[in-house]
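In what follows, a single structure is set out as structure tokens and then discussed.
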There are 2 protein chains.
Amino acid sequence: MFQINDNYLKLPGSYLFSTIGKKVREYSESHPDRKIIRLGIGDVTLPLAPAITAALHSAVDEMGRAETFRGYAPDLGYDFLREAIAANDYRARGCDITADEIFVSDGAKCDSGNIQEIFSLDNRIAVCDPVYPVYVDSNVMAGRAGDYDPDSQTWSNVIYMPCTAENDFLPDLPKEAPDLIYLCFPNNPTGAAIRREQLQGWVDYAMKTGAVILYDAAYEAYITEPDVPHSIYECQGAKSCAIELRSFSKNAGFTGLRLGFTVVPKELKCGDVSLHALWARRHGTKYNGAPYIVQRAGEAVYSRAGKAQLQEQIAYYRKNAAYIYSGLKEAGYTVSGGVNSPYVWLKTPKGMTSWEFFDCLLENVNVVGTPGSGFGPGGEGYFRLTAFGSYENTVEAVDRIRTL
Amino acid sequence: MFQINDNYLKLPGSYLFSTIGKKVREYSESHPDRKIIRLGIGDVTLPLAPAITAALHSAVDEMGRAETFRGYAPDLGYDFLREAIAANDYRARGCDITADEIFVSDGAKCDSGNIQEIFSLDNRIAVCDPVYPVYVDSNVMAGRAGDYDPDSQTWSNVIYMPCTAENDFLPDLPKEAPDLIYLCFPNNPTGAAIRREQLQGWVDYAMKTGAVILYDAAYEAYITEPDVPHSIYECQGAKSCAIELRSFSKNAGFTGLRLGFTVVPKELKCGDVSLHALWARRHGTKYNGAPYIVQRAGEAVYSRAGKAQLQEQIAYYRKNAAYIYSGLKEAGYTVSGGVNSPYVWLKTPKGMTSWEFFDCLLENVNVVGTPGSGFGPGGEGYFRLTAFGSYENTVEAVDRIRTL
């Protein structure tokens, strides 16, 4: 008689964004006349740039002709894309990462959920609190998180690193030594950025304690300040202790196109075993490559035209972030993030809980944001707004919130 | 100090198709003048049909315009595609499967590797021998397979179901009761097909013993005989004991485009827990949907033009299968498969091992096939040829083999 993986039963409620979607759908159905502005889920809204659609059309034409048709892609990604990534995202920033250390995938969500598979179930993870839910949930499913305590909303075997106004939303080094440390900078959800020497402190800590840092750099394109690193490999020694996850979703609008990559340096080892070999085996066995046409679209991100067009897109979203940040600050809200990040993190007014403020915004001004508590207990009393709407909607949403 | 998942270290050697790729690359580099014909990896060669490329171009145009741009897809797939699948692949064949029981993914390889995650690590799996390597390897990685015995080339905790010439490559019911039963029909690698009443026997067995059948129907488009089922849900009771995996790779040439789906009927339960809910949670947490443009291409598979064009493609590959089958049979080879399948399974001549015959074909007639032993110990002494080459190459390959 078969049995299920009962770790799944430990997961409380359903996934944050599904719950938001359901609430918005229900409100929308009962108020069909209202114009709802969504600054909740971190989903882009600008159309794909012309350089990207041109690359897609051209690749589709190739797939329609016998001489240029492509079947199964290489499991780890096409060389043309891995080379472009290594050259532009790493060598151009002085990071010595080679094309064969880059594993192309269908997105950072999958990679950040799957990466834990190559580690022992006995390893203990550390996460920021608040945190992107996938890191914890994927470890719960694997059986690494222990038991859930509904009162504290924490897992018994997870080390939480509080990110609070007091520490500028940058976690302190944990007191108990974890084996795997999930870090995301610029941070989702708080929008906080880490300085290079601060990140170096984490790398030094990982090297000293024998931990691996799983570094999610999905938002690096929004960095504006020079002392904020785009990659963890800008830090000395990171190649021996860090895996980096990247996405094309936020820098190139690929949320609906699906493309990302993970960097596993060859010198990152556990004894004699290279994690690079383990991740390659995982990809070879359980994955079949990202679509050729999407990989060509990814290559176009690094073309001259692509770079210019995408800089404009990012500037557009940055302008939104600045409007949200300054508009709400002027209105008396306590806000952070937004400078090196598309996310603005605000303290809920009048002692409201995060979900109370969610309902308040949805019902009174028809604006959708993300409750901070959905990212962990440390997010309670906070709220995330994203810069990915249209400028007009963003201005209208902020102006509506100011009427509250 | 972090530790790795040491189940990975138990995996012997590297993945079958990577090894073949390496051998062919090395031969090709040292013999650049030779024309190598590849009938090894089950990869299609005909270009995408015009209905598919038209749908892709149209969807790319939508993604390039603000009014029609699509960001994150629904985790479980767009309704337009789930509806088309339910109507055409199920209701049209009398199977009562609804759109919301269909989970769209980026391919059957991923699904067949990931599906084990929702089951207990204590469950025992049964597989055909020979078998598609992903079923076993993904369970090894999870820690469900026990230990590997290099002599017998088997795993201590896996139940093997021999598929031999004596049983017409259709396994007998296992003597020890498994929890999870992987079945693939039409079979990869043997090309064997199962009759409806034979499959009903498996469904009855699973219901009686409380097992779940993981039914891989990736090759159903190649079925030519009326008493061979296209779906396990053509059998009575299958909705309470079977999950079905499907692919767009072989029926529509999507090997490089990546699209598949898994059917988890709502009535399939372990106690009170629906596997549908578990798989939905897995998708929601660790997956982010197939690309919109690829899902539109999938929808076009079910359009009138798409169906007509794809029937031509399948007829083309079937003609190849028939040529391989009859050509090698005439030459004195013992062959099976090829009738309801794009795969022809042949006994190696002169007592050669599968890899000896691989090297013999590669070096003497520059034809690449797949060694049967790569699919498990029961494949030793057999060899797989695929119908996915061009007709001209297929004829030339068979004629070359006949000169041996």
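The values are calculated or read from the model by the stated rules, or taken from the named source; none is laboratory data. Bear in mind the structure is a predicted one, so any value in this text is a computation, not a measurement. Because the Cβ atoms are built from the backbone with ideal geometry, glycine has one as well, and the counts that use them run over all protein chains shown.
Given the criterion farther than 25 Å from residue B:270 by Cα, buried (at least 23 other Cβ atoms within 10 Å of the Cβ) and under 23 Å from the mean Cα position of the chain (by Cα), identify the matching residue among B:136, B:131. It would help to see each step written out before you state the result.
Working: B:136 fails: farther than 25 Å from residue B:270 by Cα.
Within the list B:136, B:131, the selection yields B:131.
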For this session: Working carefully through the options A:21, A:42, find the one that is under 21 Å from the mean Cα position of the chain (by Cα) and not in a loop (DSSP other than H, G, I, E, B).
Result: A:21
Seminar exercise, completed: Subset of the range B:87-120, residues more than 7 Å from every other protein chain (Cβ to nearest Cβ), over 20 Å from the mean Cα position of the chain (by Cα) and of a type in the set (Ser, Thr, Tyr), comes to B:98
Problem set entry | Positions within the range B:246-263 being within 19 Å of residue B:91 (Cβ to Cβ) and in contact with an Asp or Glu (Cβ under 6 Å, 6 or more places away or on another chain), in sequence order | B:262, B:263
Exercise. Is there a residue being closer than 23 Å to residue B:47 by Cβ and either surrounded by fewer than 24 Cβ atoms within 10 Å (Cβ to Cβ) or at pLDDT 95 or above (or both) anywhere in the range B:224-236?
Worked result: no
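In the list B:249, B:274, which residue meets the criterion of being over 30 Å from residue A:19 (Cβ atoms) and within 11 Å of chain A (Cβ to nearest Cβ)? So that I can check it myself, show each step before the final result.
Details: B:274 fails: over 30 Å from residue A:19 (Cβ atoms).
Every option except B:249 fails the conditions.
So if I check each of B:339, B:273, B:294, B:264, which one is closer than 30 Å to residue A:143 by Cβ, at pLDDT 95 or above and out of contact with any helix residue (DSSP H, G or I) (no Cβ under 6 Å at 6 or more places or on another chain)?
On the way: B:339 fails: closer than 30 Å to residue A:143 by Cβ; B:294 fails: closer than 30 Å to residue A:143 by Cβ; B:264 fails: out of contact with any helix residue (DSSP H, G or I) (no Cβ under 6 Å at 6 or more places or on another chain).
The conditions single out B:273.
Looking at residue B:296, is it free of Cβ contacts under 8 Å to residues at least 60 places away in the same chain, of a type in the set (D, E, K, R) and assigned to a helix (DSSP H, G or I)?
no
Here is a yes/no grid of residues against (1) in contact with a helix residue (DSSP H, G or I) (Cβ under 9 Å, 6 or more places away or on another chain); (2) surrounded by 18 or more Cβ atoms within 10 Å (Cβ to Cβ):
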{"residue": "A:361", "(1), (2)": "yes, yes"}
{"residue": "A:366", "(1), (2)": "yes, yes"}
{"residue": "A:372", "(1), (2)": "yes, yes"}
{"residue": "A:375", "(1), (2)": "yes, yes"}
{"residue": "A:383", "(1), (2)": "yes, yes"}
{"residue": "A:389", "(1), (2)": "yes, yes"}
{"residue": "A:396", "(1), (2)": "no, no"}
{"residue": "A:400", "(1), (2)": "yes, no"}
Problem set entry | Single unsatisfied condition, residue A:266 versus (1) under 18 Å from residue A:101 (Cα atoms); (2) within 10 Å of another protein chain (Cβ to nearest Cβ) | (2)
Exercise. Can you tell me which residues in the range A:283-298 are of a type in the set (D, E, K, R) and either at the interface with chain B (Cβ under 7 Å from one of its Cβ atoms) or closer than 9 Å to residue A:77 by Cα (or both)?
Worked result: A:286
For this session: Return the only residue of B:100, B:96, B:129 being assigned by TED's automatic domain parsing to the domain that holds residue B:193, touching a strand residue (DSSP E or B) at 6+ places or on another chain (Cβ under 7 Å) and at negative phi.
Result: B:129
Seminar exercise, completed: Restricting the range B:222-246 to residues that are away from every other protein chain (no Cβ under 14 Å) and in a helix (DSSP H, G or I), the one farthest from residue A:287 (Cα to Cα) turns out to be B:234
Seminar exercise, completed: Across (1) aliphatic (A, V, I, L, M); (2) under 23 Å from residue B:182 (Cα atoms); (3) in a helix (DSSP H, G or I), residue B:81 clears everything bar (2)
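Going through A:17, A:69 one at a time, which residue ends up being touching a helix residue (DSSP H, G or I) at 6+ places or on another chain (Cβ under 6 Å), surrounded by fewer than 21 Cβ atoms within 10 Å (Cβ to Cβ) and not basic (Lys, Arg)?
Numbers: A:17 fails: touching a helix residue (DSSP H, G or I) at 6+ places or on another chain (Cβ under 6 Å).
Just one listed residue meets the conditions, A:69.
Out of B:43, B:75, I need the residue that is of a type outside the set (S, T, N, Q), closer than 21 Å to residue A:67 by Cβ and touching a Phe, Trp or Tyr at 6+ places or on another chain (Cβ under 7 Å). Which one?
Numbers: B:75 fails: closer than 21 Å to residue A:67 by Cβ.
Testing whether each residue is of a type outside the set (S, T, N, Q), closer than 21 Å to residue A:67 by Cβ and touching a Phe, Trp or Tyr at 6+ places or on another chain (Cβ under 7 Å) leaves just B:43.
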Exercise. So which residues in the range B:61-84 are within 7 Å of chain A (Cβ to nearest Cβ) and in contact with a strand residue (DSSP E or B) (Cβ under 9 Å, 6 or more places away or on another chain), if there are any at all?
Worked result: B:73
Seminar exercise, completed: Filtering the range B:331-358 for residues that are assigned to a helix (DSSP H, G or I) and touching a residue at least 60 places away in the same chain (Cβ under 8 Å) leaves a count of 1
For this session: Test each condition in (1) without any contact (Cβ under 8 Å) to a residue 12 or more places away in the chain; (2) under 30 Å from residue B:398 (Cα atoms); (3) crowded, with 19+ Cβ neighbours inside 10 Å for residue B:285 and report the one that comes out false.
Result: (2)
Problem set entry | Unique residue being under 19 Å from residue B:369 (Cα atoms), among the polar types (S, T, N, Q), free of Cβ contacts under 8 Å to residues at least 24 places away in the same chain and at the interface with chain A (Cβ under 7 Å from one of its Cβ atoms) when the list is B:28, B:18 | B:18
Exercise. Are any of the residues in the range A:42-60 surrounded by fewer than 19 Cβ atoms within 10 Å (Cβ to Cβ), more than 8 Å from every other protein chain (Cβ to nearest Cβ) and free of Cβ contacts under 8 Å to residues at least 24 places away in the same chain?
Worked result: no
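So which of A:295, A:311 ends up being surrounded by fewer than 18 Cβ atoms within 10 Å (Cβ to Cβ) and within 21 Å of the chain's Cα centre (by Cα)?
Numbers: A:295 fails: surrounded by fewer than 18 Cβ atoms within 10 Å (Cβ to Cβ).
Testing whether each residue is surrounded by fewer than 18 Cβ atoms within 10 Å (Cβ to Cβ) and within 21 Å of the chain's Cα centre (by Cα) leaves just A:311.
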